[in-house]
Every structure is written in structure tokens, then in C-alpha cells.
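Take a look at the structure set out below.
The values are calculated or read from the model by the stated rules, or taken from the named source; none is laboratory data. Computed from a predicted model, the values in this text were never measured in an experiment. Note that we place each Cβ from the backbone using ideal geometry, even for glycine, and neighbour counts take in every protein chain shown. Protein only, heavy atoms only, side chains kept; ligands, DNA and RNA dropped before computing areas. Shrake-Rupley method; radii C 1.70, N 1.55, O 1.52, S 1.80 Å.
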Amino acid sequence: MTDRPTDAVPLPSRGSLRKLQGLLIPVLAVFSAFVIGGLIIVLTDGELIGLWFTDPLAAIGGSWSAVMDAYGALLRGSIGDPGRIIGALVSLDLNELRGAAGPLSETIVSTTPLIFTGLSVALAFRAGLFNIGAEGQLYFGSLAAIIAGFAITGLPWFIHLPIAVLAGFVGGALWGFIPGILKARTGAHEVIVTIMLNFVAYRFVDWALRTEFVQREGRPDPISKVIQPTAELAPLFDGLRAHWGIAIAIIAAIVISWLLFRSTLGFELRAVGLNPRAARYAGMSISWSIVTSMMIAGGLAGLAGASLMLGGSGTLTPGFSPGYGFDGITVALIGATRPGGVVAAAFLFGALRAGATPMQAATGTPIDIVVVIQALVIMFVAAPALVRAIYRIRVERTLGTEVFAKGWGS
Amino acid sequence: MTAATATEPTRLPTMALAERKARRRQRILGIFYLVIAIVMVIGFALPVSGDTNSTFNLNLGVTVITLPELVLPSSATSYLLAAVVAFAGAVQLTRGFGTKWAIILALVAGAFVFAFLVWVAAGQSLNLTGVFQSTLQRSVPIVFGALSGVLCERAGVVNIAIEGMLLSGAFMSAVVASATGSPWLGIGAAILTGAVLAGLLAVLAIRYRVDQIIAGFFINILATGLTAFLSVRVLQPNAAELNTPERLGPIAIPLLSEIPLLGPILFRHNFFVYALFALIIMIHLGLFYTRWGLRVRAVGEHPKAADTVGINVYWVRYSSVVMGGMVAGLGGAYFTIGSTGAFERDMSGGRGYIGLAAMIFGGWNPIGSFFAGLVFGFADALQSRFSILNVGIPSEFLLMVPYIVTIIVVAGLVGRARAPAADGKPYLKE
């Protein structure tokens, strides 16, 4: 075990200028990704390609406007139309405000689970583990939360809701425990175990949705019973989909930040992640750290599931998660495994997700361009040398290597 | 210091520990076999009434001889098989099987599976040959993925991007085959695409020393997004020209395909299956019996030593990864040209990851990967028949089995699967 996970971005040591430099790479990464995304949009537009041959000047103008249209629609779909927002604020009409805040609300809805899964993967990274299983843990958390939501009756919301949320955490923690204990006791590499457990989780939920206990009465399709109203996460404002789950998410980010950087447990986890041998020499138990970090990470992903269920439709169907668990990996990578960065990155991707559908509706650009942009951001963030090469930045090398490579054996 | 003392073979404390561990594992395995035998009795023998028979149809298509149906008394067969397993358990517990333990494990697994089949077919008829033929077919993309993984990982580069390479291969083969009208050009395009993606992985992992797992995921996400984007933007409006490739149908090898039982299972497939057989043999011979293979494996185990001896570590890694990509690209073409025809988004369905699991399960070698892939294919083939048959277990649980088995193998509960020692570590030439 030679190289251990450190930040993929070279850590600035001191000073606000260095702090800015630390931010520079992610910002440039996002920018470059959008540029390449724009190129793809232009290059696959059949009409534009034809225009290049007949009237190149018009083609340049056309390309620029095509990209700006698409990204503009993306922005308006995720944050909102500035004109409309100002108009609503001025008029103070509730309906107007609701309409204008719609896109931002959608962004918040997408951001909430991403914060949880991003924290999940980031925490695991800090302990030296790849939690690819966030999706499966999310599924289990959702199942647990849904069952707690519909099976428990007669409790007031301030007891029922926390129980349901806690159930989500426990469900996910359970699914995180398995790869944790396997890695600790047998050295089984968590990437393969978690990927396999993801598949097992999908099938398990498929099965559960067909059992009498979970399936909604009278429905032949796999759909769960609806949760009791006392287990619902209330919306932030009436009529908007954004719900209080975002508050729980931000609190979770603060808690995890405190846990990682200000508590003994967090110190142990980070020590094990940075240098397991040194940690063991200092008396820390590597096995225990691995299991604990995977359980907390699993629990966080489970909370993502709980927020999806309790704040959203209140019912579970197969394939309800459009890969929030996997997006969590992207979020953690870009957030440079710092909880504050995770929230910011989650917001970015939440915005991308939320804005993609309106963008497709407005300009016809398929939503999948957002996935491509995401991939490009990962690449640029994971290979800062590439960004530096493109933009000719010179960064003083500080501590740590940029690499966290390890194979199946470590 | 007396020089003339005859040295007795000293038993180092570590040797005793290893022996005790081995004996403990042996005993656990023995108990496990006994438990399996009990499960077989309770699950497969007891619930079936004494006079039910399981009928196995062994014919598929035209063969030299038409085999009679295999009719077995369900209950009795299960009891017999359980007894065999129990006996194996008793022997394992006491004496152990020495070096042959893996074979016995395979036999026990086989007995369990056969008893399961007998139980499934109780009172009904099951076309066994059909199940086996389907098993092979469904394992094709998985084994292609596993072979790709073997090539890359034996050189020391973890290749998570197999999924993306399969998907991209499927996409490009469909497009090129439709546009040019030739499935072979489509296959060539798929191989090229796999090579390009692998080249990207190699550059990121070897030159920029990006974490190989992250680089692999990036390629997967990129491939998923790009193929979906292009599928909507370019394929859907032009489906007739760009998404209707000609498919390669099954070719029955004359004579061989008429062998009863084996013929329909092995020799009535399309080009991809035969190519797979050839690749398995070629890669196995190449890796373990040629100088090239020795160099690749040296780089994967101890790149520093290989470098000292004069092997160009970077070149070996680049070339192995690109070759792995080509194999994965070819496997991707199977989804379209070898199977359903048109490209659909996400059609690889996670088989790249399953291929990786098969590679680990198979011990990082082509033949092991093939058998491991068959296990996954078998579960897949069975569960698709479950809807027709009347079975007590929900099909979802059967689908879980290959994944759970992989976890068990990876956890070293069944033998220690050992990766090449330098797998995943970037090499820095000093």
C-alpha cells in the first residue's frame, strides 16, 4: 500500500491567494467542460454543419447562438428567468413568486439527495474507501423509510417523521456495513462488493414491491403503499416541490464537517485514510475505522433515499432514482472531499439536472449533454495536470501526491 | 559455532499458524457441505411428493441421434445427490481432499445445481439443452468484458471502463453497419472505438497518473452520456440509415453441430461466440505460454523489476490496455449486430461490471473467466424461464445469486483470488 488517497486537487497550504488557486482548478474544469459540451452541441447539429460549407460567417454566429440558447435555457430552467424573478419580487404577487421560483425549487429538489450521496462518498474517500455502493444504500434507505412511513400509524409528525428519517439512515447503514465488514475482515475490495450489492439491492426492492406487505392494495404494478401524512417532509413553500429535506441535508453537511475535522472519530478516519500503517502504529484500529466509515457513509446515502421518499412522491417504484448514488461519486470528486465543496458541487449538479429537461423542451438539445458535461468535469478535476497544461498555469507543488491509485489488493 | 551439527528442519511459528488456518478453513468447508446437503434435503427432496418425476428434454434442433427424454424421480434424485454432498462434507471435515479440494467444491456446486434443476422441473418438463445453449449466449458479453479486464489488469491497469467500451462498441457498430451496409465494417468500427476509449484510459492512467478507477468511471459516464445524446440527436431522426444494422445470424458448424447434446450447445452460434472461443484460447496461450505474455505479467506483478530487465513498462501497459479495449469493443458489437440489431440507450446493462466480477471470480485468467461468466449466464438463462415454469422462489432472488456468489469469491471465502501485485498502481520510471 504505497499511495493513499489525498485530495485530487493540489492542496494550497496557506494564504488567500493559494486558496484561490485551490478553487481555480475546479472552476476551470467546469468551464472547460461546458466549452467542450458546447462544441458537441454545435457539431451534432445537422443544419449548422451544412451552414459551415455555404456561409461560414453565418455558421459561426449560428453556432454561438445555438450554444448560448442551450445554456441559457439550462440556466433559466435551473435558477430561473431573471426578468421574471424581478417582476415577481416587484409585484409581490404570491402566484408570480411561485412561478418565478419554480426552477430554483426544482434545483433544490435535485440538490438535496446529491448532498447526501456526495457526503457519503466523500466521507468514504477520506477513510480511504471507494463507496460505489451509494446507489444500493440509497435504495435500502428508501425502502426502510417508506416502510416506516406507511406502517407506523397514529403518531404525531414530530415523532413519526424523525423515525422515518432515522429508518432511512439505518437501512442505508446496514447496506454499508456489509462491504465494510468484508473489507475489514477479508480484504475484499469494496469497489466490486459495493457494485454487486447495488445489483442485489435493485432486485431486493423489485421483490419487496411485489410482496403483500409493501405493495399497494389493488395495484398489479410494483408500487408501494403511500406514506402517512405525518411522515411527510413539508414543502418549503406551498405549491413548490422543494422541501425541508434540504435543511436536513445542510445540517448533515455541517455535522459531517464537524465529525471529520473536529472530532476524534473523524481524525481516526482521516488518519487511516492517509496512512493506515502509521495509524495502526498509533494504536488506531483500521478494521473498526473501515466499518464505521462505511456504515456512516451508507447511512448518509440512506438519508438521500429517505429524503426522496418522504419529501417527494411518498411512494416507492422501481427505478425511482436516476442514479443519484452515482452522481454522488461525481459530486464528491469535484467537491474535493470537503463537505463545503460537496454542497457546492451538489448544487451545481442539481442545477444541471433540474435545468436539463426545460433545456430540452426549449431548444431540443437532449438532456444527456448534461451527463457528458458531468463526465468532462470529472476528467478535468481528476487530472489537474490536464487543466494546467491547457491553461498554462503554474502551481507550486505542495504536499501530497495527486494520485490515489490503488488496485484490488490494497 | 559448531559446524558439524546437522540442522533439523525448524518449524517456524508462521508455518504452524498457516497450517492451523488451512485446517480451520478445511473444517469450515466440510461443515458448509453438510449444511448444503441439509438444505438440499429440506428444499429439494422433501417438498416434492414421492411419485413426481422431473422430465428433461435433451434435444434441440437436428442432431444425429434423438436422445430420449431424461426422466428422473424428483425426490429420490435429490436425496441421492444430497447424500453424495453429505459424504463429501464428512470427508472434507475429517481427512480433507488435499490439492483436489477445488474440484470437489465444483462437484458439490454441480450437485446442488442439478438437484435445484430437478426440483424446478418437478412434475414439468425442462429443456436442459436449451438452458445450456442460452447460458452460453447470455454469457458472451460478460466473458468479452472479462477478457478485456484480464488483458488490462495482467499488465497492471485496472479497467473499470469496460462498461463504457461495450456500450460505445454497440453504438458504433450499429451506426457504421447501418451506414455502410456491412456488419463486418461495423465490427471493425466497434473494435476501433474500443481501442480509442482504451487509449484515453491509458493516457489518463499512465501519463497523467489519474486514479485508474476514477478514470474508468469517467469513461463510462462519458460513454453513457455521449451514446445517449447521439442516439437522440442523430440516430432517432435517421433511424433507417443509421440504426438498422444487418445482424449476423447463427452458423451451424456442419457435423459438429449434430452431435447430440454438445452440438446444439456449442456449435450453433453466431460469429461472436466462435470469436470468443478463439479469443479465450489465444489470450490464454499468449499470456501464459509466450514471451510476450511473460513480459505483460512481469509488468503487472513487478514493474520495477521488469524495467530493470529492459522491458518498456509504459509500452507494455499502453499496448495491453488498447488490446483490452479492442476486445471490449468487439464484445459491444455483440449487443447490436450479434443480437437485437438496433442500438438502444444503456443497452449494455451493467454487463461490463459483471465481466469484471467474472474476471475476479475466474482468477484473472481467460479460462477461469469463461467459466465464471457461464455461472452468470446460467442464472440469467434460468430466471428468464421462471416465468414459464412454476417455481417457488421469486425470480428476483435467483437473479441475485451470481452477484452474491461473486461477493463470496472476492471475499476470499472460497480460495484467495489474487490480483497481479502491481494492479492499479501507476508506474513512475526513475
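What residue, among those in region A:195-212 that are facing chain B (nearest Cβ under 8 Å), open to solvent by less than 40 Å² (accessible area, probe 1.4 Å) and modelled with pLDDT of 90 or more, is nearest to the chain's Cα centre (by Cα)? Checked region A:195-212; the qualifying residue nearest to the chain's Cα centre (by Cα) is A:Leu197. For region B:36-69, the candidate set comprises residues that are in a loop (DSSP other than H, G, I, E, B) and of a type in the set (Val, Ile, Thr); within that set, the residue that is farthest from the chain's Cα centre (by Cα) is B:Thr52. Determine whether region B:155-169 contains at least one residue that is over 22 Å from B:Leu230 (Cβ atoms) and in a helix (DSSP H, G or I). No: region B:155-169 contains no residue that is over 22 Å from B:Leu230 (Cβ atoms) and in a helix (DSSP H, G or I). Taking the conditions exactly as written (assigned to a helix (DSSP H, G or I) and farther than 17 Å from B:Gly325 by Cβ), does B:Val203 satisfy them or not? When the stated conditions are applied, B:Val203 does not pass them. Give me the residue from region B:245-255 that is out of contact with any strand residue (DSSP E or B) (no Cβ under 9 Å at 6 or more places or on another chain) and not acidic (Asp, Glu) and, out of that set, nearest to B:Leu235 (Cα to Cα). So, considering only residues that are out of contact with any strand residue (DSSP E or B) (no Cβ under 9 Å at 6 or more places or on another chain) and not acidic (Asp, Glu), the one nearest to B:Leu235 (Cα to Cα) is B:Pro245. Restricting the first member to region B:205-233 and to residues that are more than 7 Å from every other protein chain (Cβ to nearest Cβ), and the second to residues that are assigned to a helix (DSSP H, G or I) and of a type in the set (Asp, Glu), the beta-carbon pairs closer than 8 Å and six or more apart or on different chains are B:Asn220/B:Glu163; B:Ala223/B:Glu163. Criterion applied to A:Gly325, A:Gly298, A:Gly311 was being more than 14 Å from chain B (Cβ to nearest Cβ), at pLDDT 85 or above and closer than 30 Å to A:Arg216 by Cα, and the one residue passing it is A:Gly298. Go through (1) without any contact (Cβ under 8 Å) to a residue 24 or more places away in the chain; (2) open to solvent by less than 20 Å² (accessible area, probe 1.4 Å); (3) touching a Gly at 6+ places or on another chain (Cβ under 9 Å) and name the single condition B:Ile354 misses. Going through the list (1) without any contact (Cβ under 8 Å) to a residue 24 or more places away in the chain; (2) open to solvent by less than 20 Å² (accessible area, probe 1.4 Å); (3) touching a Gly at 6+ places or on another chain (Cβ under 9 Å), B:Ile354 breaks only (1). Scan region B:281-310 for residues that are open to solvent by less than 50 Å² (accessible area, probe 1.4 Å) and under 14 Å from B:Arg154 (Cβ atoms) and jot them down. B:Ile283, B:His284, B:Gly286, B:Leu287, B:Gly293, B:Val296, B:Ala298, B:Val299, B:Gly300, B:Pro303, B:Ala306, listed by residue number.
Between A:Gly273, A:Gly239, A:Gly266, which is in contact with a Gly (Cβ under 8 Å, 6 or more places away or on another chain) and either within 30 Å of A:Leu104 (Cβ to Cβ) or assigned to a helix (DSSP H, G or I) (or both)?
A:Gly273
Total residues in region B:174-202 satisfying the condition of being without any contact (Cβ under 8 Å) to a residue 12 or more places away in the chain and over 26 Å from the mean Cα position of the chain (by Cα): the figure is 2.
Among the listed residues A:Val30, A:Val67, A:Val9, A:Val42, identify the single one that is over 22 Å from A:Ala361 (Cβ atoms), modelled with pLDDT of 75 or more and not basic (Lys, Arg).
Result: A:Val30 is the single residue among A:Val30, A:Val67, A:Val9, A:Val42 that is over 22 Å from A:Ala361 (Cβ atoms), modelled with pLDDT of 75 or more and not basic (Lys, Arg).
If you go through region A:273-295 and pick out every residue that is at pLDDT below 90 and aliphatic (A, V, I, L, M), you end up with 6. Before we move on, is A:Ala332 within 25 Å of B:Val203 (Cα to Cα), within 12 Å of chain B (Cβ to nearest Cβ), of a type outside the set (S, T, N, Q) and without any contact (Cβ under 8 Å) to a residue 60 or more places away in the chain? Judged against the criteria, A:Ala332 is not a match. Of the candidates B:Gly156, B:Gly181, the single residue that is surrounded by fewer than 24 Cβ atoms within 10 Å (Cβ to Cβ) and at positive phi is B:Gly181.
Being in a helix (DSSP H, G or I) and either at pLDDT 80 or above or more than 17 Å from the chain's Cα centre (by Cα) (or both) is a property that holds for B:Tyr403. Restricted to region A:174-194, and to residues there that are open to solvent by less than 10 Å² (accessible area, probe 1.4 Å) and under 22 Å from the mean Cα position of the chain (by Cα), the residue that is farthest from the other protein chains (Cβ to nearest Cβ) is A:Gly176.
Quick grid of which residues meet (1) open to solvent by 60 Å² or more (accessible area, probe 1.4 Å); (2) among the charged types (D, E, K, R):
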residue	(1), (2)
B:Arg20	yes, yes
B:Gly30	no, no
B:Ala45	no, no
B:Asn53	yes, no
B:Leu81	no, no
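A quick yes/no check of all residues on (1) in contact with a Cys (Cβ under 9 Å, 6 or more places away or on another chain); (2) over 21 Å from A:Val377 (Cα atoms); (3) touching a residue at least 12 places away in the same chain (Cβ under 8 Å):
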| position | (1), (2), (3) |
| --- | --- |
| A:Leu310 | no, yes, yes |
| A:Gly314 | no, yes, yes |
| A:Ala344 | no, no, no |
| A:Phe349 | no, no, yes |
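Scanning region B:239-280 for residues that are in a strand (DSSP E or B), at pLDDT below 80 and open to solvent by less than 30 Å² (accessible area, probe 1.4 Å) yields a total of 0.
Tell me yes or no: at least one residue of region B:215-230 is within 23 Å of A:Val121 (Cα to Cα), modelled with pLDDT under 90, touching a Gly at 6+ places or on another chain (Cβ under 7 Å) and open to solvent by less than 20 Å² (accessible area, probe 1.4 Å). For region B:215-230, residues within 23 Å of A:Val121 (Cα to Cα), modelled with pLDDT under 90, touching a Gly at 6+ places or on another chain (Cβ under 7 Å) and open to solvent by less than 20 Å² (accessible area, probe 1.4 Å): absent.
On the given criteria, is A:Ile223 farther than 14 Å from A:Tyr139 by Cβ, buried (at least 19 other Cβ atoms within 10 Å of the Cβ) and of a type in the set (A, V, I, L, M, F, W, C)? Here the answer is no, as A:Ile223 does not meet what is asked.
For A:Val371, the conditions (1) of a type in the set (A, V, I, L, M); (2) within 30 Å of A:Trp157 (Cα to Cα); (3) not in a loop (DSSP other than H, G, I, E, B) all hold with the exception of (2).
One line per residue, one yes/no per condition, for (1) in a helix (DSSP H, G or I); (2) open to solvent by less than 20 Å² (accessible area, probe 1.4 Å); (3) farther than 24 Å from A:Met68 by Cβ:
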{"residue": "A:Ala306", "(1), (2), (3)": "yes, yes, yes"}
{"residue": "A:Gly319", "(1), (2), (3)": "no, no, yes"}
{"residue": "A:Thr330", "(1), (2), (3)": "yes, yes, yes"}
{"residue": "A:Gly340", "(1), (2), (3)": "yes, no, yes"}
{"residue": "A:Leu348", "(1), (2), (3)": "yes, no, no"}
{"residue": "A:Ala356", "(1), (2), (3)": "yes, yes, no"}
{"residue": "A:Ala361", "(1), (2), (3)": "yes, no, no"}
{"residue": "A:Thr365", "(1), (2), (3)": "no, yes, no"}
